[in-house]
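To start, the structure itself, in structure tokens.
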Amino acid sequence: MSDAAALSADRPSTDPAQDLFGHAPFARTLANAIRGNRDSDGIVLALYGPWGSGKSTVLAYVQHELEIGPEEDRPVVVVFNPWWFSGQEHLAKAFLGQLQAVLPAKYKGFEKIGNLLAEFSGALGGAAGLAGKSFGIPFLGKVVEAGARRLATKPKDVPALKKALADLLLRQKKRVLVVIDDIDRLAPDEVRQLFTVIKALADFPYVTYLLAFDREVAATAISAQTGLPGERYLEKIIQVPFELPRPDRSALRQALFKRLDVVMAATPEGRFDSMHWNNIFVSGLDPLITVPRDVVRLTNALSVTYPAVVGEVNPVDFIAIEAIRVFLPSVYDAIRISPAEFLGHARTDGQDSGETKRRSQAFHEGWLKTLPESLRAPIKDMFERLFPRLESVWGNMRYGADSVAGWRRKLRICAPEIFPTYFKLSLPQAIVSRADIDAMLLAATQSSASFAKVLEAAQSTKDANGASKVPALLDRFMDHIEDVDAVDAQPIVEGLFVVGDKLLLPADRDAGMWGFGNESRVGRLAYHLLKKVEPERRTPLLMQALNQGNSLRCSQYLIVSLAQEAEKAAGGDGDSLVRTAEAEALKAAWCARVKQLAVDAAFINHPSVAWLVSGWREWGAEAEAVTWWQAAATDDEGLLKLIAAQASESRTQSGSDLAWRTHLRVDPRGLEPYGDVQMLTDRVRVLLDRGAVAEQYRAAAHQFVFASERMKAGKNPDAFGFYDD
């Protein structure tokens, strides 16, 4: 495994330039508010968010923004992490000791404050012996303790000491920012102790407290210690609360896909099924990734476990089962302990019916009910895809022994012989605002053309990598699908079919082979919109959209999904948006539309022309598709374009490589339905020898000839690892 795939420490990000989850703008606003506060009164700010949501990262970004600001506006920052001192008898002493250590060291005007704080600490309960510990200055704690001992014999007037501290701070007029993180990691008595001292010191002039914690955890701890309502207690201490903005779903997905591309880089060619990944991710994995820490936890687990089984498991299934182990350990144990309830196929001899089926249903309902309600349906859906046997438990779909052979060839977790392998180690993109979403919703109420224009405008907005705003916009729009009225579903679908294929930009594909292209986003959105349409109107709507639009690849992707669903429903399992006959009619209409548009000479330049001609041929118009291909290939440039259209890219990285190697692939077997591959190879070889191949086709032409020669020699023309032959 390369160094790039090493474990990722669960540390907060400190540089806003590396922000993956949209925290930097919020932190900048918060820093500006702190910097711009001219009032002398002390104030307590709180940043609420669940564990792993990025609170520590926001605190780091705030400190970064303050540090790069004008020196005269820069506060003295005191960072106190009570987690370092958890279990100490006097957490309050540690806090005061941190103030004693940092303030005089960071600002000359606070030199006298050290002795005052020592005296104040002594008055409240003894010298702050931990002063130097947290600041990294060993001798400082001894100095503070010595000063406190000298002061110990003097009378201690706590109000007078507090006033002296306040007067000193008031005279200096220098803002102090006290940053306190990880409060929610403390024991309940320590939480109460810390808030008690904050409450006592909250009114010091020019002192701002910035606290970060899980509000529910802290409130529960306070209630347990005081018997008082925790929420009300916090309200009396915190003047300005902030809820950490939820991470953008699209940003979470992008971060996961990028990390998976590194962690799963050793996956052999041909083992990754993009449709299977799409189904597994959308059905059950996506709901499990809710905060940035989830991305780190899952990919760290894969960094450890995947190398031991790479090449021996289905990569998609392995990601799924590792996600279950990390996020739902009790469910993982149910699989590990009772594999017979999940593996293989349902028997068709009656032994899986009646009482046996009822026992299986009770078993599976048992672990399913332990999940939060919001996860039950997604996990059930994903498990039916991971373990097809469950389709016979929760439905009527059955698979035979021949299915198990297929699962075994694909190294699926549901194959009994492969299952043990999975447990060997059981141990920025363009920003989308709510205003953009509102614009899409408004356009949907106007016309299909208006909706299409919104997407075309998004396509023209590109980031530094050339990726447009479209992927994030479509992903975000899916979050608001419930906001679309049924009457507006038709213009949106029509708009998608008008503009869809114009959105197929290579730069818009998610990073690595694990990501999605815009055809899947358009198809998924159209699929969910069809659910809002009356059943009898769905097929006519799609027929009309097909005839009016030019988005052949996006509509092809949707029709494939509808046809697969209809086939399952015809077998008695679940419902489908269209019937089998309607799916076949849609295929025929799609082929007819392809035939109409293929007359245009520009059809050969479609970015997915290879997919289109293949679909045209496979869905019943084989002669028409082959005739078109052969006519287009008569011209040398046409042949080169069609060969280039067959090309795809894969990436590899060896242990000694410092960067990825990108390999162009052209499998000549894909051209066998259209003509004699060796004759086509001879034509291309002659063109190459004459230097008559344009630059944009040259690499694909060379690869085609190379792969054809391998095939002629009886070798696999598209085998993994042949690049170095």
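Quick grid of which residues meet (1) in a loop (DSSP other than H, G, I, E, B); (2) over 24 Å from the mean Cα position of the chain (by Cα); (3) modelled with pLDDT under 90:
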residue	(1), (2), (3)
K380	no, no, no
N396	yes, yes, yes
G406	no, yes, yes
I413	yes, no, no
L427	yes, yes, yes
A430	yes, no, yes
A443	no, yes, yes
Q446	yes, yes, yes
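Of the set (1) touching a helix residue (DSSP H, G or I) at 6+ places or on another chain (Cβ under 9 Å); (2) not in a loop (DSSP other than H, G, I, E, B), all apply to E536 but (1). Given the condition part of a loop (DSSP other than H, G, I, E, B) and surrounded by 21 or more Cβ atoms within 10 Å (Cβ to Cβ), answer yes or no: does some residue in segment 540-552 qualify? Within segment 540-552 (the criterion being part of a loop (DSSP other than H, G, I, E, B) and surrounded by 21 or more Cβ atoms within 10 Å (Cβ to Cβ)), the answer is yes, since at least one residue qualifies. So for segment 264-271 (the condition being open to solvent by less than 20 Å² (accessible area, probe 1.4 Å) and either closer than 19 Å to K410 by Cβ or assigned to a helix (DSSP H, G or I) (or both)), does at least one residue qualify? The answer is yes; a qualifying residue exists. Among the residues of segment 225-251, those identified as open to solvent by 10 Å² or more (accessible area, probe 1.4 Å), outside any loop (DSSP other than H, G, I, E, B) and either touching a Lys or Arg at 6+ places or on another chain (Cβ under 9 Å) or hydroxyl-bearing (S, T, Y) (or both) are Q225, T226, E231, Y233, K236, P241, E243, R249. The set of residues from segment 664-694 being in a loop (DSSP other than H, G, I, E, B) and in contact with a Phe, Trp or Tyr (Cβ under 7 Å, 6 or more places away or on another chain) comprises just one member, V666. If you go through segment 593-613 and pick out every residue that is part of a helix (DSSP H, G or I) and surrounded by 15 or more Cβ atoms within 10 Å (Cβ to Cβ), you end up with 10.
Of the helices (runs of 4 or more DSSP H) contained entirely in segment 22-117, those carrying at least 1 residues that are at pLDDT below 80 and closer than 27 Å to P188 by Cβ fall at 91-106. Taken residue by residue, segment 643-660 has no member that is open to solvent by 70 Å² or more (accessible area, probe 1.4 Å), at pLDDT 90 or above and assigned to a helix (DSSP H, G or I).
Quick check: is even one residue across segment 207-224 within 32 Å of the chain's Cα centre (by Cα), surrounded by fewer than 19 Cβ atoms within 10 Å (Cβ to Cβ) and of a type in the set (V, I, T)? Yes, the conditions are met somewhere in segment 207-224. Suppose the filter is open to solvent by less than 20 Å² (accessible area, probe 1.4 Å) and either touching a His at 6+ places or on another chain (Cβ under 6 Å) or hydroxyl-bearing (S, T, Y) (or both); does S468 pass it? Yes. Taken together, the residues in segment 484-497 that are in contact with a helix residue (DSSP H, G or I) (Cβ under 6 Å, 6 or more places away or on another chain) and either open to solvent by 40 Å² or more (accessible area, probe 1.4 Å) or under 16 Å from A251 (Cα atoms) (or both) amount to 1. Farther than 26 Å from D475 by Cβ, in contact with a Leu (Cβ under 7 Å, 6 or more places away or on another chain) and either modelled with pLDDT of 90 or more or not small (G, A, S) (or both): does that describe A566? No, not satisfied.
The values are calculated or read from the model by the stated rules, or taken from the named source; none is laboratory data. These figures come from a predicted structure and were not determined experimentally. Virtual Cβ from ideal backbone geometry, glycine too; neighbours counted across all protein chains shown. Each accessible area value is taken on the protein alone, full model and side chains, heavy atoms only, with ligands, DNA and RNA left out. Shrake-Rupley method; radii C 1.70, N 1.55, O 1.52, S 1.80 Å.
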